[in-house]
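Worksheet for the structure shown next.
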């Protein structure tokens, strides 16, 4: 009996040993046994997710690797983890790395020839292609020819940015690109795809649903002004309820929030009505990932929005319910390569505003850049920095890092600060004074404390200041800054506060974007403070009769009350205006501005400045 038990025990031990040895050896095999591949995009996506999860989570010590092989695989895993984080932040290099790795994974498990690729997307049957399929193919073809200008070239070639009648309201015009237009363009292009082209389109489709930004993934990379989602259509709070719809329009036919894809192109918001995120969950996934570059904090119901920048310098704003009615995001891009005055200002007689702006910067004038959203304030500010002397250290205060000045001017002494959850814009401006800065740039004066600090800083803490503001007129700019001084308690008297603002602001460059999306400088305004230290009239003392004395005295009293109430503190002179498609020299610069600008210019620049002033002639208007 004991012999049988010993035999069973020894047999069990041997069996366990053999099983352990088998499992250990099977884990060292380069590939696990896989089931027969399923040729659908969803199945491929699940395979890629599983394979990449194994790569980044496997315990390498279980594989019995040599020291060299262990180090190689560890470095490869670290590189993959970094790329998977970076590709969701807008880093194009990490995106290309991850897409290439996905291509290699698919090639190991799937047969990727024409026949099998056509099962995934019906490339060989154009009539079966969806609107998104056709658009993705067109964008891929144009990207091969034009790089990241692909979408711009497609829009330009087929005039897709023209206004069209609204489907629901035929009298209203809107910017839209429709499914019908994409279908017509696809037929005209006579697209012919190679096996490699089809594979790249399939890989992009898998990537954008796994780690990318869904249907806007490739759009975000294009050289356009921006892209947004979740900003039109019925919000979930509406279509999740039961509604009684009147007329023939059914709820299923009405676009929903996740059917909302818009691009911002040359100042125009264009609705890509044929694209959709497919579901509220997909839109939510994009919103939860697109803002996370450099870990800006968690988006939650209590913190209903986040403002951040992406790896390529794009500004991203994400909003979520309950703060807004549906999940939404806005990516705003800034064309760093074209940030020159000559590229931005192109209308007739553009040399007038270009030269004046150059002299305002070289002459160290405190200048505001005003205009509505999307009018080009930030891009113009980038271009103006080029003309600041390289000898002057520059300090920048922003809400998010939009200007990216060190990317444009890597050899300049530039330091950018921004607001955080724990450091206010006011604290940032305070610390700027201790960083040896000569020129202060404010990306946007949007709050009262920042406006008040800007006025104080421009008076004592820097040679000059450049800043942007959303004021519509010069009077609005003065009143807004004056009110900020009053609200923050820096001043209590309106007239004194306004006088401080007027003494600081030298010029205002006002930008405008018309209905067609064209941007231009509407006016360049000089602020000319009026003399305030004028003595009151005392000639009433010299009058002989009582009536004459009273009349003269009442004139003095009237003058007093006028100065105490609505006395004019400044004159706003439009130096240059935009009229009928060209720039016109209007009022000449004040003598004080001429003198102060000339003092800061070198000899050759002074002579050029004097020659430039001849555009105004001798009169007040030309």
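Taking packing as the residue-averaged number of other Cβ atoms within 10 angstrom, the listed peptides 363-372, 192-201 run from highest to lowest as 363-372, 192-201.
The stretch between residue 391 and residue 606 holds 75.5 nm of extra length on full extension. This uses 0.36 nm per residue minus the Cα-Cα distance. Each peptide among 542-549, 431-438, 215-222 gets the average number of other Cβ atoms lying within 10 Å of its residues, and from highest to lowest they stand as 215-222, 431-438, 542-549.
Inter-label distance, residue 59 to residue 111: 3.9 nm, where each label sits 7 Å from its Cα along the C-beta direction. Each part reduced to its alpha carbon centroid, region 140-155 and region 570-609 end up 42 Å apart. Evaluate E = 1/(1 + (r/R0)^6) for residue 127 and residue 85, where r is the Cβ-Cβ distance and R0 equals 45 Å; express this FRET efficiency to the nearest 0.05. Computed FRET efficiency for residue 127 and residue 85: 0.65. Neighbour counting of Cβ atoms within 10 Å sorts the residues 447, 61, fewest neighbours leading, into 61, 447. For region 59-85, the residues whose amide N sits under 20 Å from a probe point set 7 Å from the Cα of residue 93 along the beta carbon direction are 75-85. Spacing of the modelled spin labels on residue 431 and residue 549, each 7 Å from Cα toward Cβ, amounts to 6.7 nm. In terms of its alpha-carbon gyration tensor, region 258-338 comes out oblate; a/c meets the 1.5 threshold, while b/c is at least as large as a/b. As a proxy for reagent exposure, 377, 99 were ordered by neighbouring Cβ count within 10 angstrom, fewest first; the result is 99, 377.
Per the Cα gyration tensor, the chain maps to an equivalent ellipsoid with semi-axes of 62, 30, 25 Å, ordered largest to smallest. For residue 596 and residue 159, a Förster radius of 41 Å and the Cβ-Cβ distance give a FRET efficiency of 0.25, rounded to the nearest 0.05.
Note on region 93-138 and region 207-236: Cα centroid distance 19 Å, given to the nearest whole angstrom.
In terms of packing, defined here as the mean over residues of other Cβ atoms within 10 angstrom, the peptides 153-160, 601-608, 398-405 line up highest first as 398-405, 153-160, 601-608. Subtracting the Cα-Cα distance of residue 38 and residue 184 from 0.36 nm times their residue separation leaves 49.3 nm of extension gain. For the chain, relative contact order (Cα pairs under 8 Å, six or more residues apart, normalised by length) works out to 9 percent. For region 346-402 versus region 267-302, the inter-centroid distance based on Cα atoms is 31 Å. Ranked by how many other Cβ atoms sit within 10 Å of their own Cβ, fewest first, the residues 45, 577 fall in the order 45, 577. If both residues of a DSSP beta bridge must be in the chain, then about 65% of such bridges are antiparallel.
The simple spin-label model puts a point 7 Å past each Cα toward its Cβ; for residue 580 and residue 49 those points are separated by 6.4 nm.
When the Cα gyration tensor is reduced to axis lengths a ≥ b ≥ c, the ratio a/c is 1.5 or higher for region 396-553, and with a/b above b/c it is classed as prolate. By definition, a body whose alpha carbon gyration tensor gives a ≥ b ≥ c is oblate when a/c is 1.5 or more and a/b is not larger than b/c, and region 141-239 fits this oblate description.
Values in this text are rule-based calculations from the coordinates and carry no lab data. All figures in this text were calculated on a predicted structure; none of them were measured in a lab. A quick note on method: Cβ atoms are made from the backbone with ideal geometry, for glycine too, and the neighbour counts reach across all protein chains shown.
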